[in-house]
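K.L.:
One structure, as structure tokens, below. Some questions next.
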Amino acid sequence: MIQATKSKLHRNYFIALERDLEIITRYVEFCAQNFDVYSIEFGHLLFASASEVDVIAKLLCQRLKPDAPRANMNEYRAVLSAELPEIITTQIFIPRYGLTLTPWDNWAQGNNPLWWRSYNKVKHERDAYFDQATLKNALNALGALLILTHHYYRYALVPDGAEPQSDMDTTQDLRPETSLLRFSDDHYYDVVVVAPLM
């Protein structure tokens, strides 16, 4: 007999994209000097991540404000920045490479993220804007997806009408853990503190 629980489809999709990103680390060093490097693989990750951001943002807006319009990024911004303002300042860390991302920080000025604008340019006018399918945009799109997916599951993992889960409970429930991108330590129960050698 096989027992099955409901799959965390959106989390699984994020993990698959992150694994694709991890493969690229063998060929391109993730550092500020390479942020403008562009390629088909970075384009693939930008498209897939931004498309999933669109899906998750719509679902999250539906859960938070069911009657609010949610047809595009401007409408997502209106709902999410009001209902979950912490999204704007949430940082994503890539400890292996010493990088810190704040993928939604443009919302603080009422603007959509630069990576989102680049995604639309590359999607609609690839011949003119393919050079915006960069490492920097792919990283920020994936970081933005991690943030929204996390918030989506804070609500999806509890019964309708219940208070959302804490950040730590949510990361605990979302396994496997991410391999490259991480939240700050206050999102995890099992943070390992390593004492400096004497």
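The values are calculated or read from the model by the stated rules, or taken from the named source; none is laboratory data. On a predicted model such as this, the values are computed, not experimentally measured, just so you know. Glycine also receives a Cβ, built like all others from the backbone with ideal geometry; neighbour counts cover every protein chain displayed. Keep in mind that these areas ignore ligands, DNA and RNA; they rest on the heavy atoms of the full protein, side chains included. Shrake-Rupley method; radii C 1.70, N 1.55, O 1.52, S 1.80 Å.
K.L.:
Could you grab me the full set of residues in the stretch 161-177 that are surrounded by fewer than 16 Cβ atoms within 10 Å (Cβ to Cβ) and either hydroxyl-bearing (Ser, Thr, Tyr) or assigned to a loop (DSSP other than H, G, I, E, B) (or both)?
P.N.:
Residues satisfying the conditions are 161, 162, 163, 166, 175, 176, 177.
K.L.:
Shifting gears a bit: Out of (1) touching a Lys or Arg at 6+ places or on another chain (Cβ under 8 Å); (2) in contact (Cβ under 8 Å) with a residue 24 or more places away in the chain; (3) over 18 Å from residue 35 (Cβ atoms); (4) aliphatic (A, V, I, L, M), what's the single condition that is false for residue 59?
P.N.:
Result: residue 59 fails condition (1) only.
K.L.:
Further question: Taking only the stretch 118-152 into account, find how many residues are part of a helix (DSSP H, G or I) and farther than 15 Å from residue 52 by Cα. Please lay out each step first, then the result.
P.N.:
From the stretch 118-152, those part of a helix (DSSP H, G or I) are 118-124, 126-132, 135-152; that's our starting set.
Among the residues that remain, those that are also farther than 15 Å from residue 52 by Cα are: 118, 121-122, 124, 126-132, 135-136.
Of the residues in the stretch 118-152, 13 are part of a helix (DSSP H, G or I) and farther than 15 Å from residue 52 by Cα.
K.L.:
Please determine, by comparing only the residues of the stretch 105-117 that are open to solvent by 10 Å² or more (accessible area, probe 1.4 Å) and not in a helix (DSSP H, G or I), which one is nearest to residue 57 (Cα to Cα).
P.N.:
It comes out as 112.
K.L.:
Look at the stretch 86-104 and say how many of its residues are open to solvent by less than 70 Å² (accessible area, probe 1.4 Å) and in a loop (DSSP other than H, G, I, E, B).
P.N.:
5
K.L.:
Counting just the residues of the stretch 121-148 that are without any contact (Cβ under 8 Å) to a residue 60 or more places away in the chain and closer than 25 Å to residue 12 by Cα, which one comes out least open to solvent (accessible area, probe 1.4 Å)?
P.N.:
Across the stretch 121-148, the extreme among qualifying residues is 143.
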